[in-house]
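Heads up, the thing below is written out as structure tokens.
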Amino acid sequence: AASYILYDIENEVILAQENQNEVRNIASLTKLMGIITALDHITNLKEKIRVDGEVIQGYYDYTKVGLDHGDYVTYEELLYAMMLPSGADAALLINHHVAGGEEQFAKLMNQKAQELGMNNSHFDNSIGVDSDENYSTASDLLLLLKYALKNETFYKMFTSKKYKIEALDKE
């Protein structure tokens, strides 16, 4: 990798780093901020929401979990779908239901980034679409990950190898 930090989380020590403060597009790593932001705003992870086909359309070249118009899924299922297969459709639904849309959700993500001291990061989407306005650094991503792993729900999702979404009957 052109930019990285190898961090020993147990001993809280940086083992190696290269170009750790270089601003880069971060692709699907963006979803880590999306998930932690959503967790700050969702009060009931078991709440079911109906999939709106208009909300999840687009982003055809991005990974999807396979949600269809009319499916009912929980917030928890959507967050796992963002984490494990990196589902853009799940991210779009979270954006819509938590903040009213992508632009509003990105504002929440940027607020969280500022709270965490991620001064070299900016988000304009939660999917990871590369743009001049969606970027971070290895140092900032380490700040995010150190914070996020303290959240029990995030930690469980981050360390899971699979998760079954009941509405889709697939893992």
Per residue of segment 124-131, in order, report the coupling 6.51 cos²θ - 1.76 cosθ + 1.60 (Karplus, θ = phi - 60°) as ³J(HN,Hα) in whole Hz, putting x for Gly and Pro.
-> 10, 7, 10, 8, x, 5, 5, 7
Dipole size in debye (nearest 20) for the chain around its Cα centre, Lys and Arg Cβ +1, Asp and Glu Cβ -1?
-> 440 debye
Taking only C-alpha pairs under 8 Å that are 6+ residues apart, what is the relative contact order of the chain in percent?
-> 27 percent
Amide H contacts under 5 Å for Y7, restricted to residues at least 5 apart in sequence or on another chain and with H modeled in the peptide plane, are L15
Would you pull out the residues with amide H under 5 Å of I165's amide H, same chain only if 5 or more places away, H placed 1.01 Å from N?
-> K170
Toy charge model, Lys and Arg Cβ at +1, Asp and Glu Cβ at -1: segment 14-63 dipole around Cα centroid in debye, rounded to 20, equals 220 debye
Using helices alone, what [θ] at 222 nm do you get for the chain, with -39,500 (n - 2.57) per DSSP H run of 4 or more residues, divided over all residues and rounded to the nearest 500?
-> -12000 deg cm²/dmol
Exceeding the 25 Å Cα-Cα cut-off - candidates K48/K146; K48/K164; K46/K112; K64/K150; K107/K161 = K48/K146; K64/K150; K107/K161
Identify which of the listed values of Rg and Dmax of the Cα atoms in Å was calculated from the structure shown: [x] 19.7, 65; [y] 17.3, 50; [z] 15.8, 48.
-> [z]
Dipole-positive endmost among V23, A138, L78 within the chain (Cβ charges, Cα centre) | L78
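Only the coordinates and a few stated rules stand behind these numbers; no lab work does. Computed from a predicted model, the values in this text were never measured in an experiment. Cβ: placed from backbone, ideal geometry, glycine included. Neighbour counts: every protein chain shown.
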